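Bear in mind these aren't lab numbers, they're just calculated from the coordinates by the rules spelled out. Computed from a predicted model, the values in this text were never measured in an experiment. Reconstructed Cβ throughout: ideal geometry from the backbone, glycine too, with neighbour counts over all protein chains shown.
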């Protein structure tokens, strides 16, 4: 299921994003300010949608030191069904949510797995190979991606020199990643293409 379909299903992008956020972060309490920041939803929209979700008992509200905190109600009648729906979300490589990553520097390689492909066995969600990286743009791009998918992204960042070293050393991490489900967002590394072809023989 694509993110767009999930958003349409719940009639509100903000509501759908909050549902994903709470389902993917069970057992953790958040203030509305933190939720707004992590999901990149306007504070007014966050407040409104939280009130609706609290009214239907999808989230539980607690008071901590005078501040409201919210947590997913895992006893909600349709919690398991929502969890199943969220688990089917698949953020493919062609998705527009990756466009911000392509301007963080000289991007040579972006591979995705894990959270993006519903493959929990993967050790990371994304591999980035970037030269002359802009750290500010990277931070912004990752925050945007995390807001879209609803959970912290595990990623490995390196430059071309480190990538070549890992390939030459037949790095076990890379081999395991490439032998598991993954998709290419960007691949401008001819050596990697030859490396992958060798693994398939």
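Observations
- Residues of the range 71-80 that turn out to be crowded, with 16+ Cβ neighbours inside 10 Å and either part of a helix (DSSP H, G or I) or without any contact (Cβ under 8 Å) to a residue 24 or more places away in the chain (or both), as a count: 3
- So residue 19, is it buried (at least 16 other Cβ atoms within 10 Å of the Cβ), farther than 20 Å from residue 125 by Cα and within 15 Å of the chain's Cα centre (by Cα): yes
- Test: residue in the range 6-21 that is touching a helix residue (DSSP H, G or I) at 6+ places or on another chain (Cβ under 7 Å), under 30 Å from residue 131 (Cα atoms) and part of a loop (DSSP other than H, G, I, E, B): no
- Cβ pairs under 6 Å, 6+ apart, first in the range 14-27 and free of Cβ contacts under 8 Å to residues at least 60 places away in the same chain, second buried (at least 20 other Cβ atoms within 10 Å of the Cβ) and in a helix (DSSP H, G or I): 14/49; 15/49; 18/49
- Residue list for the range 29-70, restricted to those being in a loop (DSSP other than H, G, I, E, B), loosely packed, with under 13 Cβ neighbours inside 10 Å and in contact with a helix residue (DSSP H, G or I) (Cβ under 9 Å, 6 or more places away or on another chain): 42
- Residue within the range 124-147 that is surrounded by fewer than 17 Cβ atoms within 10 Å (Cβ to Cβ) and more than 28 Å from residue 36 (Cα to Cα) present: yes
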